[in-house]
Amino acid sequence: QVQLVESGGGLVQAGGSLRLSCAASRRTSTTMAWFRQAPGKEREFVAAVTWSGTTQYEDSVKGRFTISRDNAKNTVSLQMSGMKPDDTAVYFCTARAGSAIFTTPGNYEYWGQGTQVTVSS
C-alpha cells in the first residue's frame, strides 16, 4: 500500500504560478501522475512521469505545467505557470505500478486526498 499526500494548493491570480507537491509513503517503482476535477466535471488527466523520467501532458497544459519527480525523496511535483481560470479544480496525486502512462483514472491504484487550486480572473 502506498499513501500519497498532496500539498501546495491555494488561490492564485490568472497568469500566476503555483507548485504542487506529493509525497509517497514509501519508495516504489511507479508511474506518478496528477489528475484534476472541477465541480460537475469528470476527473481528467493533467500530467504523468515514469520512474525513468518520461513525461506526458494533457494538451491544454503543455508549455505551462511541468511535472517532475525525486525518486530518492519519493516525491512528485507539478509546477504550474501561466495559470488560467479553467485550471481551477481539485488536483489529485496518483500512482500506479509499472512504467506505462495512462490518461484514465481507473488505471491508477493509489490516490491522494486532493488539494484545491483556484485561479481568479
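The values are calculated or read from the model by the stated rules, or taken from the named source; none is laboratory data. Quick caveat: nothing in here was measured; it's all calculated off a predicted structure. Cβ: placed from backbone, ideal geometry, glycine included. Neighbour counts: every protein chain shown. Note: accessible area is taken over every heavy atom of the protein model, side chains too, but ligands, DNA and RNA are not part of it. Shrake-Rupley method; radii C 1.70, N 1.55, O 1.52, S 1.80 Å.
A few comments on the model shown:
- Only one of ALA72, ALA48, ALA23 that is in a loop (DSSP other than H, G, I, E, B) and either farther than 16 Å from THR118 by Cα or open to solvent by less than 10 Å² (accessible area, probe 1.4 Å) (or both): ALA72
- Checking each residue in segment 26-43 for being part of a strand (DSSP E or B) and crowded, with 16+ Cβ neighbours inside 10 Å picks out THR30, THR31, MET32, ALA33, TRP34, PHE35, ARG36.
- Some residue of segment 94-104 being in a strand (DSSP E or B), open to solvent by 30 Å² or more (accessible area, probe 1.4 Å), under 10 Å from CYS22 (Cα atoms) and basic (Lys, Arg): no
- Hits in segment 1-59 (condition: touching a Phe, Trp or Tyr at 6+ places or on another chain (Cβ under 6 Å), small (Gly, Ala, Ser) and closer than 24 Å to ASP86 by Cα): ALA47
- Residues that are of a type in the set (A, V, I, L, M, F, W, C) and farther than 17 Å from VAL119 by Cβ within segment 3-20 comprise LEU4, VAL5, listed in sequence order.
- Tally of residues being touching a strand residue (DSSP E or B) at 6+ places or on another chain (Cβ under 6 Å) and at positive phi across segment 90-121: 1
- Here is the figure for segment 64-121: residues that are among the β-branched types (Val, Ile, Thr) and in contact with a Cys (Cβ under 6 Å, 6 or more places away or on another chain) total 1.
- Selection within segment 42-69 - over 12 Å from the mean Cα position of the chain (by Cα) and farther than 17 Å from GLY98 by Cα: GLU42, ASP59, SER60, LYS62, GLY63, ARG64
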